[in-house]
Amino acid sequence: MRRAVLCDLDGTLVDTVADLAAALNGLLAELGYPALSRRRIRRFVGGGAVGLVSGGLAEVGHAPADEEARQRLVARFLELYAAAPAAHSRPFPGVADTLAALAADGWRLAVCTNKPQHLAERILADLDLDRHFGAVVGGDSVPAKKPDAGHIRTTLDALDVPHQGGVLVGDSRTDRLAARNAEIPVVLVTYGYTEMPVTGMGAARVIGSFDTLPAVLDGRNLGVGMVRQWQ
């Protein structure tokens, strides 16, 4: 059976918090507020652009007049972020070598992210990670993004891999729910951006370093029969 590893982007493959913080603090500066620390901003990264902007605004006590005003601020944040989405972002340790090793072992690779498609593609290209992936499916390129199962299945379709042939690697409850909804196993990393400890989320496996992923995917450690049958 053809098999695939689907990777979340922010907090799983790439440490993007510095560039996200720069864009959010740029927005706050335009509104007349002081900058927030990366530590405070990091807590909101898992919620996408809307969650990040909403969290940042709440931290400084700014309440948009209505939803339309909030959406304008989100759009402005995305403009600021798009100007330099990978200026300070870097792959987490071991990511590039591990992706190459997985591909050499026959795994098809894709990015399944709630980040807008064009931003995900640009970050991967700027960091020379795009060459590892057969598909990149952003949150704005599907009718419903993670945790909707359709996002997972669309990504697997793009790789020409059966829906039962995938494993998702992520860092958040959103990834856990997406994998559950798509009925595939999920491996969660401990170094990501979630506020909740991933150890209690019911993942097939939790890892502290991306370079341990190949050993997990050999099936002996994952504890999921559908992976073991691929060997």
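Here, each number is a calculation from the coordinates, and none is a lab measurement. These numbers were taken from a predicted model, which means no experiment stands behind them. Heads up, the Cβs are rebuilt from the backbone with ideal geometry, glycines too, and the neighbour counts pull from every protein chain shown.
Key figures
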item: Selection status of ALA22, among the hydrophobic types (A, V, I, L, M, F, W, C) and assigned to a loop (DSSP other than H, G, I, E, B); result: no
item: Checking ARG38 against (1) without any contact (Cβ under 8 Å) to a residue 24 or more places away in the chain; (2) at negative phi; (3) out of contact with any helix residue (DSSP H, G or I) (no Cβ under 8 Å at 6 or more places or on another chain); (4) not polar (S, T, N, Q), the condition it does not meet; result: (3)
